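The values are calculated or read from the model by the stated rules, or taken from the named source; none is laboratory data. Computed from a predicted structure; not experimentally measured. Because the Cβ atoms are built from the backbone with ideal geometry, glycine has one as well, and the counts that use them run over all protein chains shown. Please note that ligands, DNA and RNA were not included when accessible areas were found on the heavy atoms of the full protein model with its side chains. Shrake-Rupley method; radii C 1.70, N 1.55, O 1.52, S 1.80 Å.
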Amino acid sequence: MTSTARAVLEAFDLDAIGTHSGRVVVFADPETSLPRAAKRADKLTKGAVARAVASDAFAKLKPGVGLTLGWPAGLQAEALHLIRIPAKPDAKTLRAAGVCIGKAHGPQPCLVCADTLPIGALAQAALLRAYQYEAQKSDPKPPFGPIHFMARSPDTQRDALAQAEALARATHLTRDLVNAPANILTTTSFAAQIETMQALGLKVEILDEAAMEALGMRALLAVGQGSESPSKLAILQWHGADGPPLAIVGKGVMFDTGGISLKPALGMEEMTMDMGGAAVTVGLMQALAERRARAHVVGLVGLVENMPDGRAQRPGDVVQSMKGDRIEVINTDAEGRLVLADVLWYAQTRFAPSAVINLATLTGAIIIALGHEKAGVFANDDALAAAFLQAAADTGEGAWRMPLDACYDPLIKSRIADVKNTGGRPAGSITAAQFLQRFVKPGMPWMHLDIAGVALTKTESPYAPKGATGWGILALDALIRAKFESR
Ligand code: BES
Ligand code: MN
Ligand code: ZN
């Protein structure tokens with residue numbers, strides 16, 4: 001497991017700037033006089049800081065970005081990091097500064113002279129960015145050193161830092177799960193890992209194939225029937241408040257070969273990330289438990305593996321879902337919606353939730369529409385969608401609303417059954433969402449997040465190095481705070 005850098009909150013001490021080892025971070029703005037930490041660093045370096053801040057190079061920096069002075073004379077540190085920040089930075093600038101700190105962070109300790117800057121926002125981004133997946137290396141990089149935040153009044157910042165740490169740990173858990181190869185993270189080992197989360201105060205149940213068979217979950221079971229790994233449904237409950245829960249449902253396809261409708265070999269290895277929706281669900285439940293959220297939330301993840309085999313389902317098969325609808329399986333590679341159909345229905349019938357949100361790496365088509373920058377947001381409830389888009393904007397996670405409309409239903413009308421599982425290439429992510437909506441009860445506020453483009457990226461993303469991003473933890477946590485938590 002990847003370890004997050006430890007964040008340490010400290011009282012402001014000008015003398016530490018000279019004596020701290022590793023990296024020292026100070027903030028400055030060419031438009032105003034040097035803040036006291038930068039001034040001390042300037043004095044110790046005999047004017048190097050003031051010259052750097054007055055330079056053309058510094059003037060060209062965007063707010064929240066910095067430059068590094070190596071082995072600065074007069075300091076014990078091996079690097080002095082000057083970050084440009086205006087007198088009253090907005091959240092976006094603080095995040096950028098945090099990312100800058102996290103990106104430069106390594107095994108050495110780091111001292112951030114935050115002084116009056118809000119630590120929560122700064123630490124959040126720094127901790128999120130300081131991530132490396134080394135679990136499969138024989139000779140892993142050393143773990144991250146601690147990041148010390150020096151604050152003018154540390155006691156007022158303690159809560160914000162604890163929340164930032166909980167969200168960073170949750171996001172890193174999600175990334176670890178998404179980065180893990182499918183021979184190591186199987187339905188069984190994932191379920192076992194989820195069970196250990198009971199130690200956090202979560203109630204965990206794992207349904208096996210027999211239990212799901214008894215419930216009539218043939219759509220989910222059909223996806224996993226060609227795999228040696230048994231299908232499972234994991235249910236995590238966080239009972240931090242009374243009243244009906246919010247249900248979060250995640251697609252957990254441990255590996256998606258496409259099944260009999262086999263995917264091409266090129267790039268198939270990426271399908272280890274097809275449990276991204278489940279990983280966000282599990283990470284979010286950990287965050288809620290760690291921060292003892294005053295909310296009632298249930299996370300449900302359907303864990304299956306989609307393999308071609310003598311027992312695998314075939315194109316043309318008709319399967320009956322728990323709801324009762326019969327689905328014609330045109331393409332065994334459109335498996336995520338089969339899994340979600342049953343888990344969505346189970347979530348609503350068992351828990352009568354106040355709202356349902358599902359997350360899934362559901363369609364390649366959403367990547368064509370939105371690239372790797374924004375997740376697709378489909379919702380039958382404008383207020384829920386608006387609140388989520390606001391939360392996503394506030395936390396810096398990309399999201400964009402997509403349409404739901406009955407006019408797309410003819411594309412998934414089946415000749416022989418009630419519905420078919422694909423509608424061809426046009427509007428591929430919308431027909432997938434329309435399919436899911438069949439399994440949402442009338443009047444139930446529901447939102448589907450298609451995260452196929454954002455769960456894993458080949459280049460670095462706003463908060464993460466290349467690879468798994470953990471997209472969604474921050475935005476969903478903010479949504480829960482705003483709309484599902486009693487204060
Ligand atoms: N897991 C894939 C979607 C996906 C594609 C996720 C690329 C991440 C990156 C999903 O199960 C799938 O195969 N969808 C098909 C649906 C089609 C057969 C209707 C797709 O998008 O091609
Ligand atoms: Mn597929
Ligand atoms: Zn899939």
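Ranked by the mean number of other Cβ atoms within 10 Å per residue, highest first, peptides 288-296, 77-85 order as 77-85, 288-296. When only the Cβ of Lys, Arg, Asp and Glu is charged (+1, +1, -1, -1), the dipole of the chain relative to its Cα centre reaches about 1060 debye.
Using helices alone, what [θ] at 222 nm do you get for the chain, with -39,500 (n - 2.57) per DSSP H run of 4 or more residues, divided over all residues and rounded to the nearest 500?
-10000 deg cm²/dmol
When each of the peptides 204-211, 341-348, 469-476 is scored by how many other beta carbons lie within 10 Å of its residues on average, the order from highest to lowest is 469-476, 341-348, 204-211. For K88, a cut-off of 16 angstrom between C-alpha atoms picks up these lysines, skipping any fewer than 8 places away in its own chain: K62. Shown here for the stretch 407-445: trypsin sites (Lys or Arg not before Pro) in loop regions (DSSP other than H, G, I, E, B) with at most 15 other Cβ atoms within 10 Å, namely K413, R415.
From the Cα gyration tensor of the stretch 169-484, with a ≥ b ≥ c the square roots of its eigenvalues, which class applies: rounded if a/c is under 1.5, or else prolate if a/b is larger than b/c, or else oblate? Taking the square roots of the gyration eigenvalues as a ≥ b ≥ c, the stretch 169-484 is rounded. Heavy atoms of the protein chains alone define the surface here; on that basis the stretch 170-301 has 32 Å² accessible area per residue at 1.4 Å probe size.
Rolling a 1.4 Å probe over the heavy atoms of the protein chains gives the stretch 1-102 an accessible area of 50 Å² per residue.
Here the stretch 1-158 has 53 percent of its accessible surface on carbon and sulfur atoms, given a 1.4 Å probe and all protein chains in place.
Relative to the dominant Cα principal axis of the chain, helix 276-290 is inclined by about 60°.
Estimated translational diffusion coefficient (Stokes-Einstein, Kirkwood radius over Cα pairs, 25 °C, 0.890 mPa s) of the stretch 356-487: 159 µm² per second. Let me know the shape class of the stretch 238-385, please: from the alpha-carbon gyration tensor, a ≥ b ≥ c as square roots of the eigenvalues, rounded when a/c is under 1.5, otherwise prolate if a/b is greater than b/c, or oblate. Because a/c hits 1.5 or more and a/b exceeds b/c, the stretch 238-385 counts as prolate.
Non-local lysine pairs in the stretch 169-484, meaning eight or more places apart or on different chains, with alpha-carbon distances under 18 Å, amount to 9.
For the stretch 374-405, chymotrypsin sites (Phe, Trp or Tyr not before Pro) meeting the loop criterion (DSSP other than H, G, I, E, B) and having at most 14 other Cβ atoms within 10 Å: none. As a rough guide to protection, the peptides 263-273, 134-144 ranked by mean Cβ packing within 10 Å, highest first, stand as 263-273, 134-144.
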